[in-house]
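Right, one structure below, let's go through it.
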Amino acid sequence: MATPASQTATRVASGQCRFGRPEKTAKCGSLNLRSCDNGGSGRNGRSVTVEAVNGAVHVNGAAAVRVGHVPVPPPSSVADGDAFLLGKFVERRLVYRQQFVIRSYEIGPDRTATMETLMNLLQETALNHVMCSGLAGDGFGATRQMSLRKLIWVVTRINIQVDKYSRWGDVVEIDTWVGSSGKNGMRRDWTIRDHNTKNMIARATSNWVMMNRETRRLSKMPDEVRQEVLPFYLERSIITADANKSSKIEKLTDATAEHIRSGLAPRWSDMDVNQHVNNVKYIGWILESVPLDVLEDYHLTSITLDYRRECRQSQLLESLTSMASSVAADLALSASNLCSTDLQSTHLIRQENDKAEIVRARAEWRCKEKNRRQSDI
């Protein structure tokens, strides 16, 4: 049954359809209205009266259409807005789980998800975790007490390890949870599983501290904030602290870097709501100074990023890369022999004008299987 142009349905649920102020309604299952008017006037100033008894319908006294059975919609288990997040809590609400489909614009030349895609999915799951937990204030992942004190979260280190990259159309299942990290920090961990096989294909851990969004200085964690997040702490580490902090990342210089790419300019679209460059964007800048043969023949299987200062849009950047000494000789080999060993690399993102460090990184690379088989021939 079409609704009058000046009146929309106020509710359709459990077999009942109401417009305006229903005077009488009957049981579920079919549209069984005795009479209903739209309250006297609408946008066109006309009063519309509908009368129906299990079939024959009259609008303002004129026969219109025959109304059949109106199916009862299934009950919704979540609020309409939350349904689109597609996440849920598991393990006594300590772990938040969300599923994603790998889209065509999230894959690279080899048709698999990129490291940037995985990092973006981790960030999205973390933010939805805060939102669905009821902790969110008006900031980007900030709690209510953080918002009152003008505090934001900033990441200091993240380590992601990938066993297998998903392909276009694959569905991945991401779990995330939080725990303590020292006196004033928080740790967030993730696991990524293939939805069909349930095999773990990636894992990640990160450390976060608080910054005042106006002064841009780091802050201690207020007791009020600690009380907010404490009930959600799960002291479980997917990557051990020793492995995550196993060694200090070497600082590259003009003398030690083998490849330098200058003139990298953050764009407006690279900024997040906290008015600095989104932490995922640094992955792309790091790869700008990696040799093309490595990008073509290797998978980036692990990367650790140490964030040393925030970056604004007005700053020009440089990307420095150095492959491990044991790999340097391999890079001089022909492409057919390039995959005889796995690689390691060290990276630095710095400001171009004053050479101030922004991000240090360390990465590991594994030869793509097709190239490994060729090198064994």
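The values are calculated or read from the model by the stated rules, or taken from the named source; none is laboratory data. Here the structure is a predicted model, which means the values were calculated and not measured. Virtual Cβ from ideal backbone geometry, glycine too; neighbours counted across all protein chains shown.
Computed values, structure above
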read-out	value
Of residues in region 170-185 being free of Cβ contacts under 8 Å to residues at least 40 places away in the same chain and in contact with a strand residue (DSSP E or B) (Cβ under 7 Å, 6 or more places away or on another chain), the one surrounded by the most Cβ atoms within 10 Å (Cβ to Cβ)	181
Top-ranked residue of region 238-287 - restricted to ones that are under 15 Å from residue 320 (Cβ atoms) and of a type in the set (Asp, Glu), ranked as modelled with the lowest pLDDT	250
Any hit, region 196-213, residues being under 15 Å from residue 153 (Cβ atoms) and surrounded by fewer than 16 Cβ atoms within 10 Å (Cβ to Cβ)	yes
Selection count where residues are among the basic types (Lys, Arg) and within 18 Å of the chain's Cα centre (by Cα), scope region 196-227	1
Selection from region 300-316 of residues that are of a type outside the set (A, V, I, L, M) and either closer than 22 Å to residue 266 by Cβ or buried (at least 22 other Cβ atoms within 10 Å of the Cβ) (or both)	304, 306, 307, 308, 309, 310, 311, 312, 313, 314, 315
Single residue of region 111-131 satisfying the filter (farther than 22 Å from residue 222 by Cα and over 11 Å from the mean Cα position of the chain (by Cα)) that is surrounded by the fewest Cβ atoms within 10 Å (Cβ to Cβ)	111
Matching residues, region 261-287, being within 21 Å of residue 352 (Cβ to Cβ) and surrounded by fewer than 16 Cβ atoms within 10 Å (Cβ to Cβ)	262, 263, 265, 267, 268, 269, 275, 284
Pairs with Cβ under 6 Å, 6+ apart, first in region 151-169 and assigned by TED's automatic domain parsing to the domain that holds residue 136, second assigned to a loop (DSSP other than H, G, I, E, B) and small (Gly, Ala, Ser)	152/139; 152/142; 153/141
Enumeration of residues in region 116-150 that are touching a helix residue (DSSP H, G or I) at 6+ places or on another chain (Cβ under 6 Å) and free of Cβ contacts under 8 Å to residues at least 12 places away in the same chain	136, 137, 138
Exclusive hit being small (Gly, Ala, Ser) and in contact with a strand residue (DSSP E or B) (Cβ under 9 Å, 6 or more places away or on another chain), set 204, 255	204
Single condition residue 334 does not satisfy, out of (1) buried (at least 16 other Cβ atoms within 10 Å of the Cβ); (2) modelled with pLDDT under 85	(1)
Residues satisfying the stated conditions in region 216-237, i.e. assigned to a loop (DSSP other than H, G, I, E, B), at pLDDT 95 or above and either surrounded by 14 or more Cβ atoms within 10 Å (Cβ to Cβ) or not basic (Lys, Arg) (or both)	221, 222, 234
